[in-house]
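Undergrad: Got a structure here, written out as structure tokens. Questions coming.
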Amino acid sequence: MTSNPPKINLILRCLPQKDWESIQTHVEEVHLELGLVLSEPSVKMPYVYFPINSLVSILYGLENGATAEIGIIGNEGVVGITVFLGGESTISRAVVQSAGRAYRLRSSVLLDLFNSSTQAMHLLLRFTQALITQMSQTAVCNRHHTIDQQLCRWLLLSIDRLSGSELVMTQDLIANMLGVRREGVTEVAGKLQEAGYISYSRGHITVLDREKLEHRTCECYGVVKREYDRLLPERYAT
């Protein structure tokens with residue numbers, strides 16, 4: 001592991017040098033398989049994860065087995081905010097929705113850093129505020145906007161958290177993330193492909209025209225993006 005904070009995860013990149021040096025020997029790079037559960041409801045997390053080129057969904061499940069995504073975390077953040085917020089566990093589940101690499105750190109090490117460094121504490125709390133905004137806006141979007149708008153928002157939020165414009169994602173999984181029927185996703189994805197916004201083949205989605213997607217989605221995407229840009233700007237990197 002380099003002596004400088006990794007540039008491929010925003011939280012780690014923005015840590016002051018002294019804070020990175022205090023944890024770097026505890027950080028390990030791991031591969032996250034599709035569908036891997038990183039946290040379960042009401043269970044303490046032994047590790048936190050800083051995605052590199054993977055995506056993790058925060059899911060809420062109902063008693064009948066239905067689930068819906070309430071948040072996405074990628075290379076802008078950390079999976080495991082309950083570790084430093086004091087609640088120790090949560091009622092949601094964190095599941096890998098797009099396989100890839102991540103940095104893993106013992107929860108106890110992150111908690112020690114949070115308690116010992118004001119700068120690290122403020123960075124993690126700013127990320128938490130941004131994530132709460134995303135979750136809140138997702139709830140509003142799922143209630144008031146069309147599947148077309150929801151899918152565009154979801155695609156944009158997802159590629160923002162990856163280092164490219166391609167997602168490996170089946171329509172069944174997308175429908176599960178949005179909490180809608182697969183037929184609705186199939187219809188909307190077909191229209192977006194016909195319009196030249198995306199290409200979709202065998203579980204691979206490539207965004208071809210980001211600008212048109214941004215014009216087609218609802219205001220929810222812009223609200224979330226502006227809050228992340230405000231709370232986690234590049235100028236915090238040291």
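The values are calculated or read from the model by the stated rules, or taken from the named source; none is laboratory data. Only a predicted model underlies this, so the values are computations on that prediction, with no experimental measurement involved. Note that each Cβ is placed from the backbone with ideal geometry, even for glycine, and that neighbours are counted across all protein chains shown.
Undergrad: May I ask you to list the residues in segment 41-61 that are surrounded by fewer than 24 Cβ atoms within 10 Å (Cβ to Cβ), of a type outside the set (Lys, Arg) and assigned to a loop (DSSP other than H, G, I, E, B)?
TA: Within segment 41-61, Pro41, Ser42, Val43, Met45, Pro46, Ile52, Asn53 qualify.
Undergrad: What is the residue count in segment 40-82 for residues that are of a type in the set (Gly, Ala, Ser), at pLDDT below 95 and more than 10 Å from the chain's Cα centre (by Cα)?
TA: 5
Undergrad: Contact list please: Cβ distance under 6 Å, first residue in segment 215-226 and under 14 Å from Leu155 (Cβ atoms), second residue among the basic types (Lys, Arg) and in a helix (DSSP H, G or I), pairs at least six apart or on different chains.
TA: Final answer for the pair search is Thr217/Arg153; Cys220/Arg153; Tyr221/Arg153.
Undergrad: Name the single residue, out of those in segment 160-186 being touching a residue at least 12 places away in the same chain (Cβ under 8 Å), in a helix (DSSP H, G or I) and not hydrophobic (A, V, I, L, M, F, W, C), that is farthest from Thr146 (Cα to Cα).
TA: Here the residue is Asp160.
Undergrad: Still on this structure: Restricting attention to segment 115-129, does a residue exist that is under 27 Å from Leu10 (Cα atoms), out of contact with any Phe, Trp or Tyr (no Cβ under 8 Å at 6 or more places or on another chain) and either of a type in the set (Asp, Glu) or at pLDDT below 90 (or both)?
TA: No: segment 115-129 contains no residue that is under 27 Å from Leu10 (Cα atoms), out of contact with any Phe, Trp or Tyr (no Cβ under 8 Å at 6 or more places or on another chain) and either of a type in the set (Asp, Glu) or at pLDDT below 90 (or both).
Undergrad: Next question. Considering each residue of segment 1-40, count those that are within 23 Å of Gly87 (Cβ to Cβ) and in a strand (DSSP E or B), and give that number.
TA: 3
Undergrad: Using the structure shown, decide if Val96 is crowded, with 17+ Cβ neighbours inside 10 Å, hydrophobic (A, V, I, L, M, F, W, C), in a strand (DSSP E or B) and modelled with pLDDT of 90 or more.
TA: yes
Undergrad: Mind counting the residues in segment 25-66 that are in contact with a Lys or Arg (Cβ under 7 Å, 6 or more places away or on another chain) and hydroxyl-bearing (Ser, Thr, Tyr)?
TA: Total satisfying the criteria: 4.
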